[in-house]
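Please read the structure below before turning to the comments.
The values are calculated or read from the model by the stated rules, or taken from the named source; none is laboratory data. Quick caveat: nothing in here was measured; it's all calculated off a predicted structure. So basically every Cβ, Gly included, is an ideal-geometry build from the backbone, and we count neighbours across all protein chains shown.
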Amino acid sequence: MKTLIITILLLFPMLELPMQNQTERYILTSVNRNIRLDSWHLSSRDLPGKFAEPWSIRKYTLHGGRQEGVDLIEYESGSLRLVLSPTRGMSVIRVDRRDVRLGWDSPVKEIVHPREINLQNRGGLGWLEGFNEWMVRCGLEWAGHPGQDRFVNNTGDIAEMDLTLHGRIGNIPASEVEVIVETEPVPRIRLRGRVDERQFYGPKLELWTEIAIVPGAGSFRIDDQIHNYSSDPQEFELIYHANFGPPLLGRGSRFTGPIREVIPFNAHAARSTPRFAEYDGPTKGFVEQVYVMQPFADEQGRTMVMLSNQAEDRAVTMSFLTNQLPWFTLWKNLTTLEEGYVTGLEPGTSSPANRSIERAAGRVPKLAPGETRHFGIEVEVRIGASEVQAAAKTIEQIRAGRSPQLSAKTIR
């Protein structure tokens, strides 16, 4: 009976079941209930005596220009501030802890509403019209570079379709959004949302995503689950496109990870493979370099990667399970500040190549009918040399003295 209850909760997380007194749920958006709150606010002051660390959450709507109608949720506690957008597929816009920002200075300044974006623009690069988040998911039916791929159409024939850059999930508004406040066993705030990627004669995929934060902490956790509601198997791809500019990115910054193999994306990237982990300052005329990697993991299957500044006293780490996210992409776009000086640390189920390339390489997983797959990433903003050194020690323990193999082949 216990196993049955757990299964029901995983498949139907919005199911109304009796809750314990230590849990409060606040629904901000619900297509099932025809609810959308334009503004909302909650803080630890509204729950006196239940939290040692103060915190606040507010939900508000943006107006004007191409961001008209975009919903944002802002969480703040201690030195940590996090902003996410349910309108943009539950993407995280930026995170701040003291003087460290997770995010970047994109040429796209507004938080663009998906209705203003044509994914087909510029040969399938329209996704870039709204690209300015710290973390945006690429997927779900496909991710990666634009181009043609084959599929089975409604008449059962093999047909061709134009895949746009990085899929659609980042430009689909969430259908359900809620905030869950837990006081026991550990005080925790959970920001949850459901994003549907469904089509008649197409995918029937559902993403439930959650960001869990302990008030006062300098870290948070992202937990996602993807469910296939089709009676047929369904291919899927998922890449967590996490983007960093200054202050973490700059001349002398460094990527650190327990890497098994480094595969350059193309011949251009291959010329700089020996320096894949090193960063230069903004460089006019820089052409992006992409490296696809397979990380080592510890005995529990967990790995950790880090981006640190030149002084090695500021860093961010991302930890995840390699059986969930077996591939890791490092994107280096070290152009001028005006053009978008940024690097991407991107755990994923595949590389960012076109789905046709990924399928041929055996890197496109499938969900069985009714199957749910889970993914989790722990993110920590590290301030001070001791915190950075502790992360470097953990990574070195996973690496266990092994050096990465620099592949002579390329992804495409």
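Would you call V83 closer than 21 Å to D38 by Cβ and in contact with a helix residue (DSSP H, G or I) (Cβ under 6 Å, 6 or more places away or on another chain)?
On the way: closer than 21 Å to D38 by Cβ: yes; in contact with a helix residue (DSSP H, G or I) (Cβ under 6 Å, 6 or more places away or on another chain): no.
Against the criterion (closer than 21 Å to D38 by Cβ and in contact with a helix residue (DSSP H, G or I) (Cβ under 6 Å, 6 or more places away or on another chain)), V83 does not qualify.
Out of R101, R66, I need the residue that is in contact with a His (Cβ under 9 Å, 6 or more places away or on another chain) and either outside any loop (DSSP other than H, G, I, E, B) or closer than 26 Å to E197 by Cα (or both). Which one? First the steps, then the outcome.
Working: R101 fails: in contact with a His (Cβ under 9 Å, 6 or more places away or on another chain).
Of R101, R66, the one residue that is in contact with a His (Cβ under 9 Å, 6 or more places away or on another chain) and either outside any loop (DSSP other than H, G, I, E, B) or closer than 26 Å to E197 by Cα (or both) is R66.
Every residue in segment 357-377 that is within 19 Å of the chain's Cα centre (by Cα) and either without any contact (Cβ under 8 Å) to a residue 12 or more places away in the chain or assigned to a strand (DSSP E or B) (or both), please.
Those that are within 19 Å of the chain's Cα centre (by Cα) and either without any contact (Cβ under 8 Å) to a residue 12 or more places away in the chain or assigned to a strand (DSSP E or B) (or both): T372, R373, H374, F375, G376, I377.
So which residues in segment 124-143 are touching an Asp or Glu at 6+ places or on another chain (Cβ under 6 Å) and among the aromatic types (F, W, Y), if there are any at all?
W142
Report the residue count in segment 273-304 for those that are surrounded by 13 or more Cβ atoms within 10 Å (Cβ to Cβ) and either without any contact (Cβ under 8 Å) to a residue 40 or more places away in the chain or touching a strand residue (DSSP E or B) at 6+ places or on another chain (Cβ under 8 Å) (or both).
Total satisfying the criteria: 19.
If you go through segment 346-356 one residue at a time, do you hit one that is within 22 Å of E387 (Cβ to Cβ), modelled with pLDDT of 95 or more and assigned to a strand (DSSP E or B)? Explain how you work it out, then say what you get.
Filtering segment 346-356 down to residues within 22 Å of E387 (Cβ to Cβ) leaves 347.
Among the residues that remain, those that are also modelled with pLDDT of 95 or more are: 347.
If we keep only those that are assigned to a strand (DSSP E or B) too, we end up with 347.
Checked against the condition, which is being within 22 Å of E387 (Cβ to Cβ), modelled with pLDDT of 95 or more and assigned to a strand (DSSP E or B), segment 346-356 yields at least one hit.
Anything in segment 338-382 that is β-branched (V, I, T), surrounded by 17 or more Cβ atoms within 10 Å (Cβ to Cβ) and out of contact with any Asp or Glu (no Cβ under 7 Å at 6 or more places or on another chain)? List them, or say none.
Here is the first cut: in segment 338-382, the ones β-branched (V, I, T) are 342-343, 349, 357, 364, 372, 377, 379, 381.
Remaining after also requiring surrounded by 17 or more Cβ atoms within 10 Å (Cβ to Cβ): 342-343, 349, 357, 364, 377, 379, 381.
Result: V342, T343, I357, I377, V379, V381.
For segment 131-187, how many residues meet the condition of being surrounded by fewer than 20 Cβ atoms within 10 Å (Cβ to Cβ), among the β-branched types (V, I, T) and without any contact (Cβ under 8 Å) to a residue 60 or more places away in the chain?
Residues in segment 131-187 being surrounded by fewer than 20 Cβ atoms within 10 Å (Cβ to Cβ), among the β-branched types (V, I, T) and without any contact (Cβ under 8 Å) to a residue 60 or more places away in the chain: 4 in total.
One line per residue, one yes/no per condition, for (1) surrounded by 18 or more Cβ atoms within 10 Å (Cβ to Cβ); (2) touching a residue at least 24 places away in the same chain (Cβ under 8 Å):
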position: I213; (1), (2): yes, yes
position: I259; (1), (2): yes, yes
position: N266; (1), (2): no, yes
position: R271; (1), (2): no, no
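In this structure, is E53 acidic (D, E), in contact with a helix residue (DSSP H, G or I) (Cβ under 9 Å, 6 or more places away or on another chain) and either surrounded by fewer than 19 Cβ atoms within 10 Å (Cβ to Cβ) or not in a helix (DSSP H, G or I) (or both)? I'd like the intermediate steps shown before the answer.
Numbers: acidic (D, E): yes; in contact with a helix residue (DSSP H, G or I) (Cβ under 9 Å, 6 or more places away or on another chain): yes; either surrounded by fewer than 19 Cβ atoms within 10 Å (Cβ to Cβ) or not in a helix (DSSP H, G or I) (or both): yes.
Yes: the conditions hold for E53.
For every residue, the table says whether it meets (1) β-branched (V, I, T); (2) within 26 Å of the chain's Cα centre (by Cα); (3) under 27 Å from N171 (Cα atoms).
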site	(1), (2), (3)
L47	no, no, no
F51	no, no, no
W55	no, yes, no
K59	no, yes, yes
L62	no, yes, yes
R66	no, yes, yes
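Among the numbered criteria (1) assigned to a strand (DSSP E or B); (2) more than 26 Å from G78 (Cα to Cα), which one does D232 miss?
Status for D232: all satisfied but (1).
Any idea which of (1) under 30 Å from A360 (Cβ atoms); (2) β-branched (V, I, T); (3) under 17 Å from the mean Cα position of the chain (by Cα) is the one V152 doesn't satisfy?
Unmet condition: (3).
Among the listed residues R221, R260, R251, which satisfies the condition of being more than 22 Å from the chain's Cα centre (by Cα) and in a strand (DSSP E or B)?
Numbers: R221 fails: more than 22 Å from the chain's Cα centre (by Cα); R251 fails: in a strand (DSSP E or B).
Going through R221, R260, R251 in turn, just one is more than 22 Å from the chain's Cα centre (by Cα) and in a strand (DSSP E or B): R260.
For segment 105-112, does any single residue satisfy the condition of being part of a helix (DSSP H, G or I) and touching a Leu at 6+ places or on another chain (Cβ under 8 Å)?
Filtering segment 105-112 for residues part of a helix (DSSP H, G or I) gives none.
No: zero hits.
So which residues in segment 155-200 are within 19 Å of the chain's Cα centre (by Cα), hydrophobic (A, V, I, L, M, F, W, C) and farther than 19 Å from Y75 by Cα, if there are any at all?
Passing the criteria: L165, I169, I172, V195.
Only one of (1) closer than 20 Å to G144 by Cβ; (2) among the hydrophobic types (A, V, I, L, M, F, W, C); (3) within 21 Å of the chain's Cα centre (by Cα) fails for A270. Which number is that?
(3)
Which one of the conditions (1) at pLDDT 95 or above; (2) outside any strand (DSSP E or B); (3) surrounded by 10 or more Cβ atoms within 10 Å (Cβ to Cβ) does L42 fail to meet, given that it meets all the rest?
Going through the list (1) at pLDDT 95 or above; (2) outside any strand (DSSP E or B); (3) surrounded by 10 or more Cβ atoms within 10 Å (Cβ to Cβ), L42 breaks only (2).
Go through segment 65-94 and count every residue that is buried (at least 21 other Cβ atoms within 10 Å of the Cβ) and closer than 14 Å to I383 by Cα.
Here the count works out to 1.
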